[in-house]
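**Student:** Pasting a structure below so you can have a look.
We did not get these values from a lab; they are worked out from the coordinates using the rules stated. All values derive from a computational prediction rather than experimental measurement. All Cβ positions, even for glycine, are placed from backbone atoms using ideal geometry, and neighbour counts span all protein chains on display.
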Amino acid sequence: MSVPYETAAPEPAESPESPEEHLARLLGRALNSFELPDEVIRRLDCALAYDSSLYSAHHSAGLHRETYRHTWLLADGSAVTLWELAHNATPGGAPDHEVYTDEEELRTATSRLGLPADAPELDLPAPAWLWALPAPRHVFACGDSADHARRLLRRAENPDRPDVHTAALLATARAHEITQAFGRPGRAGRSGLSYVLYEHAFLLPDDSEVSLWEVEHTATPDGRHMCEVYMSEDAARSAMERRAARQG
């Protein structure tokens, strides 16, 4: 049985949106949202969780272009990605937004802007380098990290959770950090299910790092919250997809 959280996971800075609210906001600002296939919109009606990230950017002489990747986890275990293009037509002007279903459409739209082609890295002028530099992989905070690892593993209910050797290793942890990797806590899609993925990173005495990936979800027969813990992000995301497919 899952043990209730003894320390709350970090909350996002802003009020979380449900998957359908995030989709509605994206479509509401996109000038070409009416061009999206009806089938895509219908599939997104059953989204359980979403994730958004900056994919690339270019700023030059008051003109800018940014592309964003928005991905939704669906109730059948599959995922749908929409690509957003934000750009201004005049230097310093307000941005226009467009949305596309695949990267090829995105590249075609980007080529019409007269700015460098889209690429999966930031292409910014020197004055913007400082804010564009990637943040450190983890920002560890000292605390009772070994006890945090013990409590995390104790509440994990999946049979393939990390073994005793991992528990022994993490008993030596001297710092840790928790970050939210997917989904939004406290909100569920229209299906009534919610999925949230957290990374728990631990700093060991030899300065090496170990991460555990926690899936918190309500895909249980009685709708209660369940915690599963995995050794890799891929394993955690695969577990989310399998559970969503069974609930679909």
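**Student:** Quick one: 3J(HN,Hα) in Hz for the range 153-168, Karplus 6.51/-1.76/1.60 with θ = phi - 60°, rounded, Gly and Pro as x.
**Tutor:** Per-residue couplings from phi come out as 5, 5, 8, 5, 9, 6, x, 9, 5, x, 8, 5, 5, 5, 4, 5 Hz.
**Student:** Using the number of other C-beta atoms within 10 angstrom as an exposure proxy, rank Thr108, Thr218 with the fewest first.
**Tutor:** Details: Thr108 11, Thr218 19.
Placing the least packed residue first, the sequence is Thr108, Thr218.
**Student:** In whole Hz, what ³J(HN,Hα) sequence does the range 231-240 give by Karplus (6.51, -1.76, 1.60; θ = phi - 60°), x for Gly and Pro?
**Tutor:** Values per residue, Gly and Pro as x: 7, 9, 5, 4, 5, 5, 5, 5, 5, 4 Hz.
**Student:** Here's a follow-up. With the Cα gyration tensor of the range 19-129 giving a ≥ b ≥ c as the square roots of its eigenvalues, does the rule (a/c under 1.5 for rounded; else a/b larger than b/c for prolate; else oblate) give rounded, prolate or oblate?
**Tutor:** Judged from the Cα gyration tensor, the range 19-129 comes out prolate (a/c at least 1.5, a/b above b/c).
**Student:** Tabulate in residue order the Karplus-calculated ³J(HN,Hα) for the range 19-25, using 6.51 cos²θ - 1.76 cosθ + 1.60 with θ = phi - 60°, rounded to whole Hz; enter x for Gly and Pro.
**Tutor:** x, 6, 5, 5, 4, 4, 5
**Student:** Arrange the following residues from fewest to most other Cβ atoms within 10 Å of their Cβ: Glu214, Glu209. Walk me through the numbers before you get to the answer.
**Tutor:** Working: Glu214 21, Glu209 16.
The order, fewest Cβ neighbours first, is Glu209, Glu214.
**Student:** Give me the extension gain from Thr220 to Thr101: residue separation times 0.36 nm, minus the current Cα-Cα distance, reported in nm with one decimal.
**Tutor:** 39.7 nm
**Student:** Can you give me the orientation-averaged projected area of the convex hull built on the Cα atoms of the range 53-112, in nm²?
**Tutor:** About 4.4 nm², averaged over all directions.
**Student:** For Val210, Val164, which order do you get if you count the other beta carbons within 10 Å of each Cβ and list the fewest first? If you can, show how the numbers build up before the last one.
**Tutor:** Values: Val210 17, Val164 8.
With the sparsest Cβ surroundings first, the list reads Val164, Val210.
**Student:** Given labels modelled 7 Å from the Cα in the Cβ direction, how far is it in nm from Arg174 to Asn88?
**Tutor:** Result: 4.7 nm between the two label points.
**Student:** Name the long-range amide H neighbours of Gly77: under 5 Å, sequence gap of 5 or more, or other chain; modelled H, no Pro or chain starts.
**Tutor:** Excluding prolines and chain starts, which carry no amide H, the hits are Ala245.
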